[in-house]
Amino acid sequence: MQQVETISEMRHAVADARSKGKGIAFVPTMGALHEGHLTLVDEAKRVAEVVVMSVFVNPLQFGPTEDFARYPRTLDQDAKLAEDRGVDLMFTPTQADMYPEHAPVILIHPGSIGKEWEGAVRPHHFEGVLTVVAKLFHIVMPDVAVFGQKDLQQVAVVKAMVRDLNFPVGILVAPTVRDPDGLAMSSRNRYLSPKERELSLMLSKALFAMRDAFVRGERRASALEAIGWRMLERVVGLTPRYLAVVNADTFQRVNSVRHGDAAVGAIRVGETKLIDNIIF
Ligand code: AMP
């Protein structure tokens, strides 16, 4: 595996692969890698000869009171995991190289898809995500980029950006990887004490209960949401942030639920905010 830090080195490495006629698949991450990230690499390897992974904790997508400073940075371990899984090129740009003027003047706005849910709880988050993804796409110029279903609203805004701004990049989505007890893997899970981890499990349980009710024939979004809310509200020490049934492309609430719609939820446990979703 080749590890490169500067944008110009990255462009050279990609141009070299391209000149050999190789296709490029890209997996953007913020590091602190876990099995969820690594399954994106598996997906990338299935579709292209060269897999590029970026590790960059993007300051632009964190709010002023969020965990940017303490976000886990485990670069040596990440490099080993990425190499073992078959990443060819690892891109670890510095903040100074990505944002030489500190904050960029031009930002990409997520529009109505990014307004509610994560967009409401984390103002400007998706603006930061889309801006860094657009920059990374322009640097790496991949044929395909792979994202996780775990961040479903992110998937929706990225797909819309690619469509509306004509990025020549295919977007693949890999299913959410969970611990055996159902907790969606997340770099932020390492913040949780054993007790907090136990409480956090209720989010996936609530989403699974909503899915079970759908499978049994319930189609009213309000009824499904009520099932999930009841489960979250009875856990002392857990603060529900949102739980809603939405169209997975537009992220608008639906009334009558169809296959392909999603239930999205967020909770806070102690200082940690966690998100999860299921697709009906
Ligand atoms: P992050 O490092 O949290 O920005 O995530 C980088 C990519 O990994 C995003 O596309 C995430 O959706 C994806 N990802 C994170 N956790 C998981 C998971 N548990 N299962 C599948 N993909 C994930």
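The values are calculated or read from the model by the stated rules, or taken from the named source; none is laboratory data. As the structure is a prediction and not an experimental result, all values here were calculated from the model. Every residue, glycine as well, gets a Cβ built from its backbone with ideal geometry; the counts of neighbours run over all protein chains shown.
Scanning segment 228-280 for residues that are touching a residue at least 60 places away in the same chain (Cβ under 8 Å), closer than 22 Å to R122 by Cβ and part of a loop (DSSP other than H, G, I, E, B) yields a count of 7. Inside segment 19-36, residues that are outside any loop (DSSP other than H, G, I, E, B) and in contact (Cβ under 8 Å) with a residue 24 or more places away in the chain make up a count of 8. For L192, the criteria (1) more than 27 Å from I139 (Cβ to Cβ); (2) more than 14 Å from the ligand (Cβ to nearest atom); (3) surrounded by fewer than 19 Cβ atoms within 10 Å (Cβ to Cβ); (4) not hydroxyl-bearing (S, T, Y) hold in every case but one, which is (3).
When V105, V129, V87 are checked against the criterion of being in contact (Cβ under 8 Å) with a residue 60 or more places away in the chain and in a loop (DSSP other than H, G, I, E, B), V87 stands alone in meeting it.
Within segment 9-36, if we keep just the residues that are within 16 Å of the ligand (Cβ to nearest atom) and not hydrophobic (A, V, I, L, M, F, W, C), the residue that is surrounded by the fewest Cβ atoms within 10 Å (Cβ to Cβ) turns out to be E35. The C-beta contact set for segment 193-206 (first residue without any contact (Cβ under 8 Å) to a residue 40 or more places away in the chain, second residue of a type in the set (D, E, K, R), distance under 8 angstrom, 6+ apart or interchain) comprises L201/D181. Among the residues making up segment 47-83, those that are free of Cβ contacts under 8 Å to residues at least 12 places away in the same chain and within 21 Å of Q3 (Cα to Cα) are D76, K80. Filtering T6, T39, T94 for residues that are within 16 Å of the ligand (Cβ to nearest atom), assigned by TED's automatic domain parsing to the domain that holds K135 and in contact (Cβ under 8 Å) with a residue 40 or more places away in the chain leaves a single hit, T39. Counting residues in segment 134-143 that are farther than 22 Å from G31 by Cα, among the small types (G, A, S) and not assigned by TED's automatic domain parsing to the domain that holds V264 gives zero.
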